[in-house]
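As structure tokens, the structure follows; a few thoughts come after it.
Just so it is clear, none of the values below were taken in a lab; they were calculated from the coordinates. Computed from a prediction, not measured in an experiment: that's the story for all the values here. Glycine gets a Cβ as well: all are built from the backbone with ideal geometry, and neighbour counts include every protein chain shown.
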Amino acid sequence: MSDFPFEASGEEPETPTVDERSGTGLPSSSDLAARIDAMLRILASISDTAPEEGVTRLAFTPTERAAHGVVAGWFEEIGLTVREDAAGNTIAEDPGTGGHQAIGTGSHLDSVPRGGRFDGIAGVVASVAVAQTLKEHDISHTHPFRFVVFAGEEGARFGQPCIGSKAAAGLWQPEHLDEVTDAEGVSLAEAMRSVGLEPGRIGEASWRDKDWGAFVELHVEQGAVLETQGLLLGVVDLISGSTRFEIDIAGRASHSGSTPMSLRADALSAAAEIALVAEEVANDSHHRGTRCTAGKLTVFPGSITTIPGRAVLHLDVRDVDSARQRQTANQIVRRAELIAERRGVTLEVRLRSDTSPVVLPTWIRQVITEACQEHTDRWRVMSSGASHDTQLVNTVIPSGLLFVPSRGGLSHVPEEWSSAADIARGSEVLLNTLLKLDAHPHFT
Amino acid sequence: MNTPLEFPWRDIARTQDLTERARRELAKDIVSAAALRGEFTLASGATSDHFFEKYLFQTRPTILRRLATALAERIPASTDRLAGAALGAVAITAAASLETGLPFVIVRNPKSRDGQDTRFAGEIHRNERVLVIEDVISSGTSAVATAHAVKRAGAEVAGVLAVIDRDEGGADRLGEAGFHYEFLFGVDDL
């Protein structure tokens, strides 16, 4: 097992024992946090980049499949039946005593390039811990419990997030799998085939609401709200939507020395002003819950002695308020038009994606908050700025989302960190939630 | 200005158009927010495994904002004032007021006997054209009482406009009382 740069948080967890036959066997330990820590270490080592560079485990690569294989092995060791669906999602089932609609939990194992060890992984590891606890304590439940590892949640490789959960939601047209490509021009369909999946059969991965009753995901917060308030758990009520677009600015490239300031049409200066407007809008009093980010700027010709003739600014507008999200995007574009006119540049605006925010069902959230309260007072309801598999699953099955704190609010970077103790607590609340859902009047 | 702009998204971004997708999303968000599941004892004493807690949809700006836009489209241009009965219709009426620029009045205790204890919070004047806004209409008795209170104040009832109609007789009752009635979402929509 690779030597891992975990930072000491004070108490060292007791050394977990692992299966001697393979370094990736299911960790056993009487301490739940130690088991979780061991599982996190094993999964973190399955990466295309070295530990100090972060985890790289992109969608539909052999590395992602290897991680799925390890987790599938853990569920099998616990005694569950495990299968891979047509979209590459791994689903493990613990049958119930008589219910039909399954209660599910899970997350994803793929990462962004050079990302963290917890984004998605925490939820998967928590679900393994839940499955272990159910077996070890012989806890009976009526409904089948299903533990899901979704494929391709991160949009990093193909520009499409939540590929596996979108399949569960029945939202893929097989033809689109050929159209979605990565930076090397490999289509999603080709990538799926390369790891043994048949893209034409993706429709078989759809979840039917008669087979599933509810789904709850545990995830790291990826923000700093919980940490700042000293809280241990977050229960999500709203998931943000996003409108993403590019503003392609055409100015006039010219000599940086000989061109007087008053005779310029500088595309980069225009882009900079637009980026600041986007930030200003998100910061004003009308926009509590709106987040605007100019995440990428490409400048042409990109020479220190040439006034930029072209700049492409990539903007991401996120909001928990559906109408306001689109109004904000339009507002930024209108102000960009005014900036362009004043500066003598022209704009082309291209919409890249537009998804609506989602209100998660209150009744599921109430079950989760009840479960939280049985463990601690230190929880709150909050919105999620990031999209998650839960958002897609919720289109077919009532779903919920539970957060554990992220240190420094960092995510998508190697410094991303959540404590095994917090994840362990989260998994206990998750188990409690699943059992409450199992007994819920809605299902009886 | 010679800007070649491409805005395919303008159709998505125009919140004035309740396109099918936008309507479905709004309906789904209303249900997600307010349709509770559990064990509930109703006012009648009967138990139910579901309960629609209307304040849960009215207190979320993501829903309230879209509802205000949808309501605003149905408010006649000749309307002078909106009226909403406390407590349920206050938030939605205030939202519609902000959206349209029309003043509103809160009707307190509309169902009081002979209107003795009915009070208006805000102003209402004789001969104004007042549109009654309702959040949820079931039997319609509350909406009819509110509309009558408006009439007793000497104003003209331009109509009754509700967010949700539960198909429990409200339309008939309002029709019999002579009030024009429209709603955004019926039972089939939610």
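Annotations
- Whether the protein assembly as shown is rounded, prolate or oblate, judged on the alpha carbon gyration tensor where a/c under 1.5 counts as rounded: oblate
- Rounded to 5, percent antiparallel among DSSP beta bridges of region B:55-151: 25
- Between the Cα long axis of helix A:362-373 and the first principal axis of chain A there is an angle of about 60°, rounded to the nearest 10.
- Inter-part distance where region A:264-331 and region A:128-160 are each reduced to a Cα centre, Å: 39
- Cross-link reach list, aspartates and glutamates versus residue A:166, counting only Cα pairs under 14 Å and skipping chain neighbours closer than eight places: A:85, A:153, A:154, A:204, A:389
- Antiparallel DSSP beta bridges within chain B, percent to nearest 5: 30
- The protein assembly as shown: antiparallel DSSP beta bridges as a percent of all, rounded to 5: 55
- Here the dipole of the protein assembly as shown is about 2300 debye; that uses its Cα centre as origin and unit charges on the Cβ of Lys and Arg (positive) and Asp and Glu (negative).
- Region B:122-190 shape via C-alpha gyration tensor axes, a/c threshold 1.5: prolate
- For region A:179-239, GluC sites (Glu not before Pro) meeting the loop criterion (DSSP other than H, G, I, E, B) and having at most 10 other Cβ atoms within 10 Å: A:184.
- The spacing between region A:87-105 and region B:38-58, judged by their C-alpha centroids, is 30 Å.
- Across the options A:122, A:402, A:439, the greatest Cα extent toward the positive end of the charge dipole of the protein assembly as shown (unit charges at beta carbon of Lys, Arg, Asp, Glu) belongs to A:402.
- Qualifying trypsin sites (Lys or Arg not before Pro) in region A:185-252, DSSP loop, other Cβ atoms within 10 Å at most 14: A:208, A:210
- Mean per-residue shielding of peptide A:435-444 is 2, counting Cβ atoms of other chains within 10 Å of each Cβ.
- Reach of residue B:28 by Cα under 17 Å, taken over aspartates and glutamates that are not fewer than 8 positions away in the same chain: A:209, A:237, A:321, B:20, B:53, B:135, B:165, B:188, B:189
- Cα centroid separation, region B:60-105 to region A:347-417: 31 Å.
- Charge tally in the Cβ shell below 13 Å around residue B:186, where Lys, Arg are +1 and Asp, Glu are -1, residue B:186 excluded: -4
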